[in-house]
Amino acid sequence: MPALVLLGAQWGDEGKGKATDLLGGSVDYVVRYQGGNNAGHTVVVGDQKYALHLLPSGILSPGCTPVIGNGVVVDPSVLLSELSGLNERGVDTSKLLLSGNAHIITPYNVTVDKVTERFLGKRKIGTTGRGIGPTYADKINRVGIRVQDLYDESILLQKVEAALDVKNQLLTKLYNRRAIAVDQVVEELLAYAEKLRPYVADTVLVLNQALEDDKVVLFEGGQGTLLDIDHGTYPFVTSSNPTAGGACTGAGVGPTKISRVIGILKAYTTRVGAGPFPTELFDEDGEALRRIGGEVGVTTGRDRRCGWFDAVIARYATRVNGLTDFFLTKLDVLTGWEQIPVCVAYEIDGKRVEELPYSQSDFHHAKPIYENLPGWSEDITKAKTFEDLPKNAQDYVKALEEMSGAPISAIGVGPGRDETIQINSFI
Ligand code: GDP
Ligand code: IMO
Ligand code: MG
């Protein structure tokens, strides 16, 4: 009954796609449990590069069944174009399962996301503009549209009417936009119904039966711990729970079933969008991390903000997710620095603070306290074992492990599947 959760331990883009793909060959199901096409997961297989947004990264492993769970928000046009894009490249996507309870990102949710950000001006969150927040808001407000609603035209019409009643008031009276016609939305959504039908399933039942049959199930998080609506840097967060508990609610699997929780941790830190980021760099080191690490958003093409590793955040991720392991990624990007600063604690209003403050104002004032670790200059991209790494790289990994509170069980030394050092096996 091995059920593993794999999630981002920082602000997203830690390399979850690569890690999931790596495990894909040895698992039976890979399940997305939250988020939507705000995610951008890059997977490199041989000389082929794939950018996945909504589909679980396990889709590239032929033996693996990809599942979109009930906690995900689904833009049908994005899903269908992602599927056909993969089909054109020879990837078989026929095994995909889509929860009938997943909520649909409608065109008006996308519009509301964009106009709200514009309205917020300087105070904007810097969302991906994909309609994520408004779709989850509709879900919680009980005016959302679910995948199953596509198969009952009169229900769909009633639900879209109910949702647009209020939204059209907002759009026309507050945001000075044109009203959105109910019929047009219903027609667009119905056009997706038959194309999606082959994939729609009772995914909760399928996954629980799979676990009973001793199949290996991997839950793949989108975004990251510090973007979690409850545990992240609110309000500069996404509107779902990427943290480990989200896997249970977002897939309908009980917490007693989860055997391992793996935090994907970048060897430095990045963030896209607005919000506090204590170790952010505004100098040539930040530029170099961006350039060498290729830190440009997969979804929006925005430059990622870059900074040194923050152990306070890693410890926090261990705590709120109950992490059993870390997968440290992008260690190769740090090759060439003489000294590598690592944030070990914060200074907040003159006091040393070891743990992430719960107060948002305190976090905004947090100044990193750095320890300098000696760097290395040898190329590490061919390293296959921990012992292949230069001594200073080994010490860097050991220091991070010590500070972060969970064993580092794998290390990424390049974007490819095989550019990985496996220390402890995950399954
Ligand atoms: P995700 O959103 O967590 O799946 O991460 P992204 O795909 O958005 O960003 C991670 C980027 O780092 C991608 O371009 C990956 O191909 C790349 N990557 C992942 N692991 C490694 C690694 O160990 N070394 C290097 N150099 N690149 C990596
Ligand atoms: P992956 O899965 C990094 C950020 C956005 C914004 C905030 C809210 O590739 O790690 P949203 O559109 O979700 O309402 O935006 O969250 N964000 C991400 N940042 N990686 C992601 O996904 C992200 N998904 C959302 O930039 O700051
Ligand atoms: Mg990403």
Requested in this report: Read through the list (1) at positive phi; (2) within 15 Å of ligand 2 (Cβ to nearest atom), then give the number of the only condition that L227 fails.
Outcome: (1)
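From the residues in region 201-237 that are assigned to a helix (DSSP H, G or I) and open to solvent by less than 20 Å² (accessible area, probe 1.4 Å), which one is nearest to T318 (Cα to Cα)? Spell out the reasoning first.
As a first pass, look at region 201-237 and keep what is assigned to a helix (DSSP H, G or I): 203-212, 225-227.
Next cut, open to solvent by less than 20 Å² (accessible area, probe 1.4 Å) only: 203, 207, 210-211, 225-226.
Working: T203: 28, L207: 26, A210: 28, L211: 25, T225: 10, L226: 12 Å.
So, considering only residues that are assigned to a helix (DSSP H, G or I) and open to solvent by less than 20 Å² (accessible area, probe 1.4 Å), the one nearest to T318 (Cα to Cα) is T225.
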Query - Output for region 51-67, where each listed residue is under 26 Å from A137 (Cα atoms) and under 14 Å from the mean Cα position of the chain (by Cα) - result: L52, H53, L54, L55, P56
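Among the candidates D183, D230, D152, D165, single out the residue that is closer than 22 Å to D113 by Cβ, acidic (D, E) and not assigned by TED's automatic domain parsing to the domain that holds R32.
D165
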Report task. Could you check L157 against (1) part of a helix (DSSP H, G or I); (2) within 16 Å of ligand 3 (Cβ to nearest atom) and say which number it fails? Result -> (2)
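Matching residues to (1) under 26 Å from Q223 (Cα atoms); (2) small (G, A, S); (3) surrounded by 22 or more Cβ atoms within 10 Å (Cβ to Cβ):
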{"position": "T128", "(1), (2), (3)": "yes, no, yes"}
{"position": "P134", "(1), (2), (3)": "yes, no, yes"}
{"position": "I140", "(1), (2), (3)": "yes, no, no"}
{"position": "R146", "(1), (2), (3)": "yes, no, no"}
{"position": "D149", "(1), (2), (3)": "no, no, no"}
{"position": "S154", "(1), (2), (3)": "no, yes, no"}
{"position": "V160", "(1), (2), (3)": "no, no, yes"}
{"position": "L170", "(1), (2), (3)": "no, no, no"}
{"position": "L174", "(1), (2), (3)": "no, no, no"}
Report task. Take H41 and decide whether it is open to solvent by 30 Å² or more (accessible area, probe 1.4 Å) and under 10 Å from the mean Cα position of the chain (by Cα). Result -> no
Query raised in the report: When you go through L55, L4 one by one, which is the residue that is within 15 Å of ligand 3 (Cβ to nearest atom) and farther than 30 Å from P276 by Cβ?
Result: L55
Requested in this report: Inspect all residues belonging to region 71-91 and state whether any of them is within 28 Å of L205 (Cβ to Cβ), open to solvent by less than 10 Å² (accessible area, probe 1.4 Å) and within 16 Å of ligand 3 (Cβ to nearest atom).
Outcome: yes
Query - Flag for P357 being more than 16 Å from ligand 3 (Cβ to nearest atom), open to solvent by 10 Å² or more (accessible area, probe 1.4 Å) and part of a loop (DSSP other than H, G, I, E, B) - result: yes
Report task. Could you please let me know if V342 is within 30 Å of N424 (Cβ to Cβ), in contact with an Asp or Glu (Cβ under 6 Å, 6 or more places away or on another chain) and assigned by TED's automatic domain parsing to the domain that holds A410? Result -> yes
Query raised in the report: How many residues does region 250-264 contain that are part of a helix (DSSP H, G or I) and either in contact with a strand residue (DSSP E or B) (Cβ under 6 Å, 6 or more places away or on another chain) or within 17 Å of P56 (Cα to Cα) (or both)?
Result: 3
Query raised in the report: Is region 264-279 home to any residue that is within 30 Å of N208 (Cα to Cα), open to solvent by less than 50 Å² (accessible area, probe 1.4 Å) and within 16 Å of ligand 2 (Cβ to nearest atom)?
Result: yes
Query raised in the report: What number of residues within region 402-427 satisfy the criterion of being within 16 Å of ligand 2 (Cβ to nearest atom) and open to solvent by less than 30 Å² (accessible area, probe 1.4 Å)?
Result: 1
Query - Subset of region 411-427 [more than 16 Å from V333 (Cα to Cα) and part of a strand (DSSP E or B)] - result: Q422
**Report entry** Wholly within region 27-95, strands (runs of 3 or more DSSP E) carrying at least 1 residues that are more than 23 Å from E419 (Cβ to Cβ) and aromatic (F, W, Y)
**Finding:** 29-32
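The values are calculated or read from the model by the stated rules, or taken from the named source; none is laboratory data. Note that the structure is predicted; figures quoted are calculated from it, not measured. Neighbour counts run over all protein chains shown; Cβ positions are idealised from the backbone, glycine included. The accessibility values were calculated without ligands, DNA or RNA, using every heavy atom of the protein model including side chains. Shrake-Rupley method; radii C 1.70, N 1.55, O 1.52, S 1.80 Å.
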